[in-house]
Structure formats: C-alpha cells, structure tokens
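The values are calculated or read from the model by the stated rules, or taken from the named source; none is laboratory data. For clarity, every value in this text was computed on a predicted model and none was experimentally measured. Cβ: placed from backbone, ideal geometry, glycine included. Neighbour counts: every protein chain shown. Surface areas here come from the heavy atoms of the whole protein model, side chains and all, with no ligands, DNA or RNA. Shrake-Rupley method; radii C 1.70, N 1.55, O 1.52, S 1.80 Å.
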Amino acid sequence: MAMGTSVAFKLSLLLSLLSVSIFTTVLSDTRQNVVTFTPPTCKRIECPAYDVVHVGNGYEIRRYNSTVWISNPPIPDISLVEATRTGFFSLFDYIQGKNEYNQKIEMTAPVITEVSPSDGPFCESSFVVSFFVPKQNQANPPPAKGLHVQRWEAVHVAVRQFGGFVSDSTVGAEAAALKDAIAGTEWASAIENSHRAGHASVYIVAQYNSPFEFDDRVNEIWFLFDLDNKLLAM
C-alpha cells in the first residue's frame, strides 16, 4: 500500500514538473513573438503619447508626437546601469524642486538612457539620461544647473519590450534582438539612414518602473528614426 502511494506521489510530482516545464517553454516562445503592450505604470503616471504604426514579429513601430525631456549631459561610463543611476539621482532632485523655480514636478515615465557605445569592450561609452517633462510643464520647464532641455519633433521609434531589471549583460542582447527582428524591412533602412546622417543615438533604453517595484516591470529598447529625413531636435 505504501509502495503504491509512493509511486502515485512520484508520478504526480513528475507530471507537475513536466507541466511547469511545458508552460515555461510556451511562455518563453510566446515572449519571443509578443506584441508590446502599454506598461501598467502608464495607467498611474503620465507617459508620452504615441500611435502604433506597425506591429511586427517581436517589435512595434510607433510614432511619437513632439515631446520634451530634461536631460543630463553625456555621462562617460562602462556601465549603462551605473550611468543611469548617476543620471537618475540628479533628475530626481530636479523634480523634487532642485531647480531655479524651486518647483516640484510630477513623476512621469519612462526614464530613458540614450546609448552611444564605445569602440571596445573596456572603453567608456556615452550615456544621456532623460526625464519626460509633463505636459503642464513643457511650455516652460524649470531650468537647472547641469541639466538641459531636449525638444523632440515628431519621431518614429522601433520598439522591443523586455521584463525584469535592466542589466549591462541583457541590454546589448535585447538591442541585437530588435535589430535582427527588423532586418530586411523598410524600417531597418530608415533607421540606418537616420544613424548615418547622425540624426539619432545608436539606441535608447526606456525604463518604466522605480527601483523598488519588483512586479510587472517593463523596459524597452528604442531605435529612433525619421522617415522625412529631418533633423531631430535633440
């Protein structure tokens, strides 16, 4: 009787593990082809508005209307994570009132990091960290020492989403995955033309969650490009 119970328990455990394995595989395969969705954060705080132009396999093309950002000067570092942390602290002080108007500003999302990679693995890259300025402050963003305003004209963006915490080891892989996903498309040609003309950074990492949120984390890789070949006001 005990042997029969033991066999039944082992069989039940095996089936449970198999079910988890199958579910995990399906979830992983689905994630590769997942279409982007609105981050939950954007239901709580203001995010820049956009229109979806095209949905592809594992990526999305958006068109953002003109947006305003408050930005750090380029931060030289070998780590995107460390550079983003450095930039975020000064931006957080800014929205808490450390600006020439002593004005507090509502938190928004995403915080973006423009990446201009170095030529070698042990060389410093350049990172510009920016905070999206809420609509009510866009006409006259408070000035602040060491920060500058970027006003973007309407721009197209190729987007790939990924979850979890951003790390230096995953960002490059996610950017490469987006590049592979759009390879051979009309969007790839437009992005290449924009980069060749110096109209955009190599790529942008957009983070929608605070460091203290562990669930429903959403990050994105952005490739900015301009279909009209106009210079982006960045």
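Laid out as a table, the results:
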{"quantity": "Environment charge at Asp77 (Cβ cut-off 14 Å; Lys +1, Arg +1, Asp -1, Glu -1)", "calculated": "-3"}
{"quantity": "Within the stretch 125-182, chymotrypsin sites (Phe, Trp or Tyr not before Pro) in DSSP loop having at most 14 other beta-carbon neighbours inside 10 Å", "calculated": "Phe165"}
{"quantity": "Per residue accessible area in Å² of the stretch 63-171, where ligands, DNA and RNA are left out and the probe is 1.4 Å", "calculated": "49"}
{"quantity": "Alpha-carbon centroids, the stretch 142-202 and the stretch 38-104: separation in whole Å", "calculated": "12"}
{"quantity": "Mean Cβ neighbour count within 10 Å, used as a protection proxy, ranking 105-118, 204-217 highest first", "calculated": "105-118, 204-217"}
{"quantity": "Relative contact order %, the stretch 40-225, counting alpha carbon pairs below 8 Å whose residues are six or more apart", "calculated": "28"}
{"quantity": "Gained length - Leu227 relative to Cys123, 0.36 nm times residue gap less alpha-carbon distance", "calculated": "34.2 nm"}
{"quantity": "Pairwise Lys count, the stretch 40-225 - Cα closer than 16 Å, eight or more residues apart or different chains", "calculated": "4"}
